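The values are calculated or read from the model by the stated rules, or taken from the named source; none is laboratory data. It should be emphasised that the depicted structure is a prediction, and the values quoted were computed from it without experimental measurement. Reconstructed Cβ throughout: ideal geometry from the backbone, glycine too, with neighbour counts over all protein chains shown.
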Amino acid sequence: MLALRDRPPLASGHLRLIYAHPHDPDLLVKVLREDVVNERWRHAPWYRRRQRTGPYGTFVREFKEYVVSRHRAPASPSPLSRVAGLEDTDLGLGLVVEKVRGADGGLAPTLDAWVRRDGFTAEVEAALEAFLASLLEHDVIAGDLHAWNVVYGSDSRGGPRLVMIDGFGEKNLIPHCSMSRRHNAYRTRLKFRRMVERTRATPRG
């Protein structure tokens with residue numbers, strides 16, 4: 001069992017805490033935030049509360065989506081952070097993923113942080129175009145496509161490039177994005193355009 005409770009998290013999201021893997025500097029461990037999960041789970045829709053995976057359904061969704069992305073285009077690197085497996089921790093089940101590193105060797109900056117630092121440059125625009133092409137090639141269901149769910153950096157598969165680290169996978173009760181690749185591509189382009197518009201308007205500094 002991985003001991004995380006006494007370690008400071010590297011990052012915190014709405015539902016999860018992100019920790020450095022205690023035994024491998026190239027990996028991260030995502031665990032559910034106990035306070036938020038307990039509150040949200042009590043008020044979740046009935047069909048979610050009946051899921052056999054409980055609040056860990058998000059782990060299953062991301063693991064499945066990563067597998068789909070590798071199946072759809074095995075010859076090119078997935079635009080999703082690489083899922084390395086599951087580990088028991090003293091904070092509950094943990095999803096282990098590969099760390100995407102920035103130029104300084106630390107955690108890669110989010111797209112939002114990158115644009116706030118450098119502005120919406122030609123380099124950013126080119127990286128976004130390549131990212132969209134990769135999402136479509138790998139038939140990724142980008143459930144929550146936002147500038148803070150995408151980072152710019154490198155991992156064992158290469159880079160630097162934009163990588164989606166959170167918010168992917170089918171969430172709908174009726175899985176319409178999974179049922180039609182054309183429909184999913186349409187939805188992905190729509191969400192991508194919205195993200196680019198918001199990101200382009202992001203102020204520097």
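Answer with yes or no whether L2 is touching a residue at least 40 places away in the same chain (Cβ under 8 Å) and farther than 30 Å from F131 by Cβ. Considered against the rule, which asks whether it is touching a residue at least 40 places away in the same chain (Cβ under 8 Å) and farther than 30 Å from F131 by Cβ, L2 comes out as yes.
Quick one: which residue in L128, L162, L93, L111 is touching a Phe, Trp or Tyr at 6+ places or on another chain (Cβ under 9 Å), of a type in the set (A, V, I, L, M) and within 27 Å of G54 (Cα to Cα)?
Numbers: L128 fails: within 27 Å of G54 (Cα to Cα); L162 fails: within 27 Å of G54 (Cα to Cα); L111 fails: within 27 Å of G54 (Cα to Cα).
Within the list L128, L162, L93, L111, the selection yields L93.
Looking only at region 176-185, decide whether some residue is more than 27 Å from Q51 (Cβ to Cβ), surrounded by fewer than 19 Cβ atoms within 10 Å (Cβ to Cβ) and in contact (Cβ under 8 Å) with a residue 12 or more places away in the chain. Explain how you work it out, then say what you get.
Taking region 176-185 as the starting set, the residues that turn out to be more than 27 Å from Q51 (Cβ to Cβ) are 182, 185.
If we keep only those that are surrounded by fewer than 19 Cβ atoms within 10 Å (Cβ to Cβ) too, we end up with 182, 185.
Now narrow it down to the ones that are in contact (Cβ under 8 Å) with a residue 12 or more places away in the chain: 185.
For region 176-185, residues more than 27 Å from Q51 (Cβ to Cβ), surrounded by fewer than 19 Cβ atoms within 10 Å (Cβ to Cβ) and in contact (Cβ under 8 Å) with a residue 12 or more places away in the chain: present.
Could you please find all residues in region 2-14 being among the aliphatic types (A, V, I, L, M) and surrounded by 15 or more Cβ atoms within 10 Å (Cβ to Cβ)? Quick ask: steps written out before the conclusion?
Filtering region 2-14 down to residues among the aliphatic types (A, V, I, L, M) leaves 2-4, 10-11.
L2, L4 - these are the residues of region 2-14 that are among the aliphatic types (A, V, I, L, M) and surrounded by 15 or more Cβ atoms within 10 Å (Cβ to Cβ).
Here is the figure for region 28-50: residues that are at pLDDT below 95 and either within 24 Å of A108 (Cα to Cα) or β-branched (V, I, T) (or both) total 4. Taking region 148-159 as the range and being among the small types (G, A, S) and buried (at least 20 other Cβ atoms within 10 Å of the Cβ) as the test, only G153 passes.
F131 fails exactly one of the following numbered conditions: (1) under 19 Å from H14 (Cβ atoms); (2) among the aromatic types (F, W, Y); (3) part of a helix (DSSP H, G or I). What is the number of that condition? The single condition F131 does not satisfy is (1). Within region 130-166, track down each residue that is out of contact with any Lys or Arg (no Cβ under 9 Å at 6 or more places or on another chain), more than 19 Å from A75 (Cα to Cα) and not aliphatic (A, V, I, L, M). Those that are out of contact with any Lys or Arg (no Cβ under 9 Å at 6 or more places or on another chain), more than 19 Å from A75 (Cα to Cα) and not aliphatic (A, V, I, L, M): W148, N149. Scanning region 156-205 for residues that are touching a Ser or Thr at 6+ places or on another chain (Cβ under 6 Å) and either more than 28 Å from A84 (Cβ to Cβ) or outside any loop (DSSP other than H, G, I, E, B) (or both) gives P160, V163. Screening the candidates P109, P25 for the property of being modelled with pLDDT of 95 or more, exposed (fewer than 13 other Cβ atoms within 10 Å of the Cβ) and touching a Lys or Arg at 6+ places or on another chain (Cβ under 8 Å) yields one hit, P25.
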